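Only one structure is covered here, and it is reproduced in the block below.
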Amino acid sequence: MTQPFELPHFYMPHPARLNPHVDEARAHSTGWAREMGMLEGSGIWEQADLDAHDYGLLCAYTHPDCDAEALSLITDWYVWVFFFDDHFLEMFKRTQDRAAGKAHLDRLPLFMPLDLSTPVPEPENPVEAGLADLWARPVPRMSADWRRRFATATEHLLNESLWELSNINEGRIANPVEYIEMRRKVGGAPWSAGLVEYATAEVPAAVAQSRPLRVLMETFSDAVHLRNDLFSYQREVEDEGENSNGVLVLETFFGCTTQEAADTVNDILTSRMQQFEHTALTEVPALALDNGLTPAEVAAVAAYAKGLQDWQSGGHEWHLRSSRYMNEGARSTAPWQGPTGLGTSSADVRALLASAGAERLRAYTHVPYQKAGPSLIPDIRMPFPLELSPHLDGARRRLADWTHRMGMLSEGVWDEDKLAANDLALCSAGLDPDATPEALDLSAQWLAWGTYGDDYYPLVYGHRRDLAAARLTTARLSDCMPLDGEEVPPAVNAMERSLIDLWARTTADMTPEERLPLKNAVNVMTEAWVWELSNQLQHRIPDPVDYLEMRRQTFGSDLTLSLCRAGHGPAVPPEIYRSGPVRSLENAAVDYACLLNDVFSYQKEIEYEGEIHNSILVVQNFFGCDYPAALGVVHDLMAQRMRQFEHVAEHELPVLYDDFGLSDEARAIMREYVTDLQNWMAGILNWHRHVDRYKAEYLARRAHGFLPDRPPAVPTLS
């Protein structure tokens, strides 16, 4: 069969290595698969299928340094996960039987108890038998923290198969952002990262959820999945009728040829691998210092990072050899002769240097303060009506009084003119049109605090190139939000003073448990401002995926969502908010608003502020295109995110409610929450269209060269 496209030249800087225990792992996994009922008689695999796929070779390449026992166990896990995937395809995807598929998935978590003394049901099929056996083998050696994380990754891997099945049933192809998010769960690379910990070293619980380790796992996952999409396109799309393939997603989004889409997928794959390297070499060492990790903990993190790197190289090598995938022409046919021997088929130094010299360095070559405006504003679709609070005028007056009292207008960052140009009460009036005057004031003040901080960090710390002071400020701001009566430090500037005031009034009637998500949301935002500042000091345009995911945080999305959910009460179970459809709904709304802001703020940020954190600039840099072309891509992505919001609200949420058996009260609350998000998007668009903050004439008058006329008060170490 002719391949649908020519495989691209892959970026792979580290040659693969083969574990010497490969034959033992092959033999063990074959016997284990037969014992679990996965071979003859299963209707899914025969011995020839298992031999041809050669999962022993996969694991020997991806875990080159572990001992024979660990390699055999890891190989069994991969035999199980690929069997699960093929079993789900044959039993539920091909038949499009969602109800039976859900019933099958609902039973599997019962075989992964966090408390190992909990009895498990009697297995009813090879998938259940394999999971029950595997869970009892590595889990006792690992910590409760690892066990919890690995169980979550396994459940995501299983449950998001329903998302794929629903898309197949609807004939729906995901948009690029949705696809990368969901592919991490469906594709199972976070699950693979958990097995890397088992094979190398368990990461310290204190930093397991930190941004640097999260980015290592996510970039690893994205690269693994995008590589797999390139090799498996022919099997998945042409044979199995799959819609979940990155090449198909980009074909559909850009309306381009399959070859062009494949080349773009490879560019994203390269970018994600280089983001992995950047994070490992810059953010992880700082993480170790900031958290005071012991030498043993530092060594564990380093071993884990190396394990992910080995997996990347080994996984590529296996794809070149497995009969499961199309791989004709994947090896380099260039006349240059590089290293030879086992594991070196992808180590093409010419490709490595070309990628490093052209693509990686391009992120650092942007010339700031170029003429960019006025911003081009396309026809932006907004399907939801705008409603404004009748208390707007009073909120404007009271916000001005509050910012004066807090000292925001006397530090040189804002003055009355800037406050008026921002008109944040107008934004609040659209976000929450039914709010009482008191609630509207609180909303406007939170927006003012977040916008002031977003302006403060680059203006004060960016111009001083003082990352240490920014980190100290971030830590002190966290201390301004006590959970249960902790002492609050005396405020030294307007940001601290206003946050202390907002926190006390917002959380007065909350329990410590209710305060924690709100505090975490504020912390996420302020820590993201430090991330922006770090990129600014390095003069590095972010990787596209990293940018969009961090943009949600710098925009204060978690804070906004926490405030929207406040008062919903126990009628809505917390697992509803953690579910895939609700997170998808929220992320679609947030991305729409973030991209919208980037469209309106392009001139302000690029021409007047020398910023690099704007999606249009990120697209320009990644694709090497001009401003109008990049704007077109961002505008299309905005439209796709809005369509996804509508799709989830109309089709996925009702199914979720039925799956969880939600009460009528809970369904009504969730309908109100969807309306809140609709108002949120409509209010933000209206605000951008009317405020002076982004208008060319205002920027020409105020933005260029506007620095504090005196140094704002900042915390000190004394």
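Observations on the structure shown:
- So Ala682, is it in a helix (DSSP H, G or I) and modelled with pLDDT of 95 or more: yes
- When Met495, Met481 are checked against the criterion of being on the phi < 0 side of the Ramachandran plot, touching a helix residue (DSSP H, G or I) at 6+ places or on another chain (Cβ under 9 Å), touching a residue at least 40 places away in the same chain (Cβ under 8 Å) and assigned to a loop (DSSP other than H, G, I, E, B), a single residue qualifies: Met481.
- Residue identified as closer than 21 Å to Gly450 by Cβ and either in a helix (DSSP H, G or I) or not aliphatic (A, V, I, L, M) (or both) among Leu617, Leu533: Leu533
- Qualifying residue in region 181-197 (condition: out of contact with any strand residue (DSSP E or B) (no Cβ under 6 Å at 6 or more places or on another chain), at pLDDT 90 or above and not in a helix (DSSP H, G or I)): no
- Restricted to region 416-465, and to residues there that are free of Cβ contacts under 8 Å to residues at least 12 places away in the same chain and either closer than 24 Å to Leu533 by Cα or touching an Asp or Glu at 6+ places or on another chain (Cβ under 8 Å) (or both), the residue that is most open to solvent (accessible area, probe 1.4 Å) is Arg464.
- Output for region 511-559, where each listed residue is open to solvent by 30 Å² or more (accessible area, probe 1.4 Å) and among the β-branched types (Val, Ile, Thr): Thr511, Val524
- Selection count, region 255-300, where residues are over 30 Å from Glu238 (Cα atoms) and either under 19 Å from the mean Cα position of the chain (by Cα) or part of a helix (DSSP H, G or I) (or both): 23
- Sole exception among (1) open to solvent by 10 Å² or more (accessible area, probe 1.4 Å); (2) touching a Lys or Arg at 6+ places or on another chain (Cβ under 9 Å); (3) modelled with pLDDT of 90 or more for Arg107, by number: (2)
- Test: residue in region 287-303 that is buried (at least 22 other Cβ atoms within 10 Å of the Cβ), more than 14 Å from Phe231 (Cβ to Cβ) and in contact (Cβ under 8 Å) with a residue 40 or more places away in the chain: yes
- Residue pairs meeting the criteria (Cβ under 9 Å; at least 6 apart or on separate chains; first without any contact (Cβ under 8 Å) to a residue 24 or more places away in the chain, in region 197-222; second in a helix (DSSP H, G or I)): Gln209/Arg149
- In region 416-452, residue nearest to His690 (Cα to Cα) [restricted to those that are among the acidic types (Asp, Glu) and not in a helix (DSSP H, G or I)]: Asp423
- Reported count of residues in region 645-664, each being under 18 Å from Ile684 (Cα atoms) and either among the β-branched types (Val, Ile, Thr) or crowded, with 20+ Cβ neighbours inside 10 Å (or both), is 1.
- Taking the listed residues Gly315, Gly307, the one that is in a helix (DSSP H, G or I), at pLDDT 95 or above, of a type in the set (Gly, Ala, Ser) and open to solvent by less than 10 Å² (accessible area, probe 1.4 Å) is Gly307, with no other qualifying.
- When Ala52, Ala25 are checked against the criterion of being open to solvent by 40 Å² or more (accessible area, probe 1.4 Å) and either of a type in the set (Phe, Trp, Tyr) or within 36 Å of the chain's Cα centre (by Cα) (or both), a single residue qualifies: Ala52.
- Cβ-Cβ contacts under 7 Å between residues 6 or more apart (or on different chains), taken from a first residue in region 240-253 that is more than 21 Å from Ala639 (Cβ to Cβ) to a second residue that is modelled with pLDDT of 90 or more and open to solvent by 10 Å² or more (accessible area, probe 1.4 Å), are listed as Asn245/Tyr233; Val247/Tyr233; Val247/Thr258.
- Residue in region 405-415 that is most open to solvent (accessible area, probe 1.4 Å), counting only those that are among the hydrophobic types (A, V, I, L, M, F, W, C) and assigned to a loop (DSSP other than H, G, I, E, B): Leu409
- Some residue of region 81-101 being open to solvent by less than 40 Å² (accessible area, probe 1.4 Å) and free of Cβ contacts under 8 Å to residues at least 12 places away in the same chain: yes
- All positions within region 587-601 that are touching a residue at least 60 places away in the same chain (Cβ under 8 Å) and open to solvent by less than 10 Å² (accessible area, probe 1.4 Å): Ala588, Ala589, Asp591, Tyr592, Ala593, Leu596, Val599, Ser601
- Spans of helices (runs of 4 or more DSSP H) in region 10-75 with at least 1 residues within 22 Å of His87 (Cβ to Cβ) and among the charged types (D, E, K, R): 22-36, 47-53
- Every residue from region 618-631 that is open to solvent by 10 Å² or more (accessible area, probe 1.4 Å) and not aromatic (Phe, Trp, Tyr): Val619, Gln620, Asn621, Gly624, Cys625, Asp626, Pro628, Ala629, Leu631
- Residue within region 461-479 that is closer than 26 Å to Trp687 by Cβ, modelled with pLDDT of 90 or more, among the aromatic types (Phe, Trp, Tyr) and within 28 Å of the chain's Cα centre (by Cα) present: no
- Restricting region 357-404 to residues that are among the basic types (Lys, Arg) and not in a helix (DSSP H, G or I) leaves a set whose member that is modelled with the highest pLDDT is Arg381.
The values are calculated or read from the model by the stated rules, or taken from the named source; none is laboratory data. The structure presented is a predicted model; accordingly, all values stated were derived computationally and were not measured. Cβ atoms come from the backbone with ideal geometry, glycine included; neighbour counts cover every protein chain shown. The protein model used for the area step is the full one, side chains on, heavy atoms only, and it has no ligands, DNA or RNA in it. Shrake-Rupley method; radii C 1.70, N 1.55, O 1.52, S 1.80 Å.
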